[in-house]
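The values are calculated or read from the model by the stated rules, or taken from the named source; none is laboratory data. These numbers come from a predicted model, not from an experiment. Because the Cβ atoms are built from the backbone with ideal geometry, glycine has one as well, and the counts that use them run over all protein chains shown.
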């Protein structure tokens with residue numbers, strides 16, 4: 001199925017409903033929920049997903065898992081999507097969103113899934129195809145493309161300020177002083193609230209924010225300097241350590 005709302009097909013008596021949709025550049029899908037879980041795959045372009053728990057950037061040819069009932073908004077940047085909406089309990093990838101890698105096999109299965117009839121034969125070829133897709137999904141690997149946000153109001157404000165103006169050298173001591181707590185208390189609070197150490201969160205935030213800017217066509221040098229890195233090489237080293245590829249490789253995939 002193509003360019004159809006899941007709301008019209010949600011009660012189809014099949015475990016999976018697959019829909020392909022083309023979006024205009026910059027189109028925003030405001031906060032909404034689905035009864036089914038959603039695997040949202042971008043064949044082209046970049047998606048920015050936001051929930052009340054954090055932010056995710058989904059590069060080209062990756063996908064984001066959105067559990068059932070999770071409110072989310074999505075900014076589409078030149079994206080053609082393939083979505084599979086999955087009955088709750090069919091596949092369990094957790095109760096929080098996550099960006100996942102997409103194997104070459106899964107990619108072909110996703111592209112093919114949108115072509116199968118809505119009421120596909122469960123025991124036929126199309127049912128086997130959907131079943132294999134679910135197996136591939138269950139074994140997919142998560143990617144560190146999430147910026148978790150704390151629930152503590154004062155700490156949340158600091159995190160949001162950082163996301164507006166990232167600085168790779170901002171210290172935990174500086175944040176602790178703004179919160180009027182000791183460094184030890186700050187480090188404990190930060191990990192409790194985000195699941196990451198401050199340095200891990202800062203680095204992960206820089207990578208995720210950089211991906212969005214790379215997708216918009218910005219130069220690596222400009223991004224590196226804006227984020228406080230001494231040189232593009234230093235930024236590229238950090239980026240490669242986090243994602244296994246240089247920024248230029250990701251930039252080529254986005255174009």
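Inclusion of residue 169 among residues that are assigned by TED's automatic domain parsing to the domain that holds residue 91 and either surrounded by 13 or more Cβ atoms within 10 Å (Cβ to Cβ) or more than 18 Å from residue 55 (Cβ to Cβ) (or both) is not warranted.
Just one of (1) assigned to a strand (DSSP E or B); (2) without any contact (Cβ under 8 Å) to a residue 24 or more places away in the chain trips up residue 77, so point out which. Failing condition for residue 77: (2). Selection of strands (runs of 3 or more DSSP E) fully inside segment 1-65 by the criterion of at least 2 residues being touching a helix residue (DSSP H, G or I) at 6+ places or on another chain (Cβ under 6 Å) and touching a residue at least 12 places away in the same chain (Cβ under 8 Å) returns 16-22, 37-51.
With respect to (1) buried (at least 17 other Cβ atoms within 10 Å of the Cβ); (2) in contact with a strand residue (DSSP E or B) (Cβ under 8 Å, 6 or more places away or on another chain); (3) not in a loop (DSSP other than H, G, I, E, B), the lone exception for residue 129 is condition (2). Among the conditions (1) at pLDDT 95 or above; (2) not assigned by TED's automatic domain parsing to the domain that holds residue 85, residue 124 misses just one, which is (2).
Only one entry in 109, 118, 105 is in the same structural domain as residue 42 (by TED's automatic domain parsing) and in a loop (DSSP other than H, G, I, E, B), namely 118.
Just one of the listed residues (225, 196) is modelled with pLDDT of 90 or more and outside any helix (DSSP H, G or I), and it is 196.
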